[in-house]
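Report on the structure given below.
The values are calculated or read from the model by the stated rules, or taken from the named source; none is laboratory data. From a predicted model like this one, the values you see are computed outputs, not experimental measurements. Glycine also receives a Cβ, built like all others from the backbone with ideal geometry; neighbour counts cover every protein chain displayed.
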Amino acid sequence: MTDKFIRNLYGRRGSRLRGRERELFDVRRKEYEAFAGGDVTLTLDLEAHFPQAKQIWLEVGFGGGEHLVAQAGANPAVGLIGCEHYVDGVAGCLAKLETGEIENARVHHGDARDLMDALPDASVSRAFLLYPDPWPKARHHKRRFINPENLDSFARILTDEAHLRVASDIPEYIDWTKEHLLERADFALISDSDTAWDDWPGTRYEAKAFREGRSPAYLTYERRPR
């Protein structure tokens, strides 16, 4: 996926990577790449990636990687896979993984839907969707990650009683999330709070929300037994 493609698809600026960050993205990314050879059509071999893992967790859109790296570091028995389309975010995450000498994490630079499609049924014990792009304009609502198709994917890959965590500082997006999940028989809302989870490390997006006077909400859904 080229920087130009990212800019056109997501309205992001092109990559500003230089020096060490560019080296991390071009070279070290191969060590953490979820897809061997970048082939997104392959079903992920989770045992090969995480032979000692007792659980697999997934983070959709990890931003700069603060949360992914903190969770991976605090939970060495968990294999954590994250995806992010923004080049600078992937490079920042790789730098944190290298600095922390963290081995139980893998990343996918690209479309989260490709990653989810490649995961086996009932393979993920916890999923995170943290501060997703709210796409505030009505004509862009169809681009929101919370939609029936992606919720079908979450329902397929999550184990019974697995948790889906959603955080946002946009009230309208929180309402959108609740409305869409309320319609589903395979998810139950078990927590709706303005206080983050006990193991929450904080992220730059959350800090920005507080600086700008917005109050985040933290939702936890449980995948009902099949």
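A few comments on the model shown:
Residue-wise test of (1) closer than 18 Å to Trp57 by Cα; (2) of a type outside the set (Phe, Trp, Tyr); (3) at pLDDT below 95.
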residue: Arg156; (1), (2), (3): yes, yes, no
residue: His163; (1), (2), (3): yes, yes, no
residue: Val166; (1), (2), (3): yes, yes, no
residue: Leu182; (1), (2), (3): no, yes, no
residue: Ala188; (1), (2), (3): no, yes, no
residue: Trp200; (1), (2), (3): yes, no, no
residue: Tyr205; (1), (2), (3): no, no, yes
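- Those strands (runs of 3 or more DSSP E) lying entirely in the stretch 25-133 with at least 1 residues surrounded by fewer than 17 Cβ atoms within 10 Å (Cβ to Cβ): 55-60
- A single entry from Ile146, Ile190, Ile170 fulfils the requirement of being in contact (Cβ under 8 Å) with a residue 12 or more places away in the chain and within 14 Å of Phe128 (Cβ to Cβ): Ile146.
- Where Arg156 falls short, out of the listed (1) among the charged types (D, E, K, R); (2) in contact with a helix residue (DSSP H, G or I) (Cβ under 7 Å, 6 or more places away or on another chain); (3) surrounded by 15 or more Cβ atoms within 10 Å (Cβ to Cβ): (2)
- Counting the residues of the stretch 159-179 that are exposed (fewer than 13 other Cβ atoms within 10 Å of the Cβ) and either outside any helix (DSSP H, G or I) or on the phi > 0 side of the Ramachandran plot (or both) gives 2.
- Every residue from the stretch 31-60 that is in contact with a Pro (Cβ under 8 Å, 6 or more places away or on another chain) and modelled with pLDDT of 90 or more: Leu44, Leu46, Val60
- The residue of the stretch 73-116 that is modelled with the lowest pLDDT, among those that are hydrophobic (A, V, I, L, M, F, W, C) and farther than 13 Å from Tyr32 by Cα, is Val87.
- Residues (of a type in the set (A, V, I, L, M) and more than 21 Å from Arg113 (Cα to Cα)) located in the stretch 155-173: Ile170
- Subset of the stretch 180-225 [over 20 Å from the mean Cα position of the chain (by Cα), surrounded by 11 or more Cβ atoms within 10 Å (Cβ to Cβ) and in a loop (DSSP other than H, G, I, E, B)]: Arg184, Asp186, Arg214, Arg224
- The one condition in (1) more than 27 Å from Ser123 (Cα to Cα); (2) out of contact with any strand residue (DSSP E or B) (no Cβ under 8 Å at 6 or more places or on another chain) that Glu179 fails to fulfil: (1)
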